[in-house]
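Working notes, structure below.
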Amino acid sequence: MPDLKLIAEREQNPNKVTELIKQSQFFTDLDQDEMEMLSYWMKAFLAPAGTLILKEGLEGNACLCIIVEGSVNIFKLSSPNDDHIKVAEIAAGASIGEMSVIDGLPLSASAISLTDATILIMTRDDFQNLLKRNCNLGIKILYRVARIISERLRTTTGRLADLLAIKNK
């Protein structure tokens, strides 16, 4: 399985990280100054197709990943058979890993790049430091993450209701 390849971090290429933030659909509500500030807390990676980006159950690897280009499959370990079941395909502009950034718990699913993907990653520690050092920007990111989690919970609840309706027929 290929590994993530670091392509930019603030110390070596400040403009590259800012340009990727600007390119991402995730950060459309940020102004230029906020994007530049955010670049201090993020690193950019290339994930060749087939790269394990996040591994379910892994502790101490909490991070917010923004898919800038490409797509990623999300897999969940099924208890009865120990099979990995594909539960979602995440496209450019979306995020993964956001729950672990908020709660610090082990990752709830695995993510593998379906195509070559460019991703921005912010660790939980960096996110907490951002909240301490630039509260307004941190709150904007936190609010965006909360909206995403809410949307995904609504979708999941709808899917569960559909499955229960089929089961109860």
Residues of region 11-29 satisfying the condition of being crowded, with 19+ Cβ neighbours inside 10 Å and in a loop (DSSP other than H, G, I, E, B): Ser24
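State yes or no: is Ile85 out of contact with any Leu (no Cβ under 7 Å at 6 or more places or on another chain), part of a strand (DSSP E or B), free of Cβ contacts under 8 Å to residues at least 12 places away in the same chain and aliphatic (A, V, I, L, M)? Don't jump to the end; show me each part of the working.
Values: out of contact with any Leu (no Cβ under 7 Å at 6 or more places or on another chain): yes; part of a strand (DSSP E or B): yes; free of Cβ contacts under 8 Å to residues at least 12 places away in the same chain: yes; aliphatic (A, V, I, L, M): yes.
So Ile85 fits the description; yes.
Can you say whether Ser108 is in contact with a Cys (Cβ under 8 Å, 6 or more places away or on another chain), over 18 Å from Leu20 (Cα atoms) and surrounded by 14 or more Cβ atoms within 10 Å (Cβ to Cβ), as far as the supplied structure shows?
No.
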Cβ-Cβ distance below 6 Å, separation of 6 or more or different chains: which pairs start in region 26-50 with a residue that is modelled with pLDDT of 95 or more and end on one that is crowded, with 20+ Cβ neighbours inside 10 Å and part of a loop (DSSP other than H, G, I, E, B)? none
Residue that is surrounded by the fewest Cβ atoms within 10 Å (Cβ to Cβ) [pool: residues in region 125-157 that are among the small types (Gly, Ala, Ser) and closer than 18 Å to Ala94 by Cβ]: Ser150
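Just the residues that are of a type in the set (S, T, N, Q) and buried (at least 17 other Cβ atoms within 10 Å of the Cβ), please, taken from region 30-45.
Going residue by residue through region 30-45, those that are of a type in the set (S, T, N, Q) are 32, 39.
Across region 30-45, the qualifying residue is only Ser39.
The values are calculated or read from the model by the stated rules, or taken from the named source; none is laboratory data. In this text the structure is predicted, and so the values were computed from the model without any measurement. All Cβ positions, even for glycine, are placed from backbone atoms using ideal geometry, and neighbour counts span all protein chains on display.
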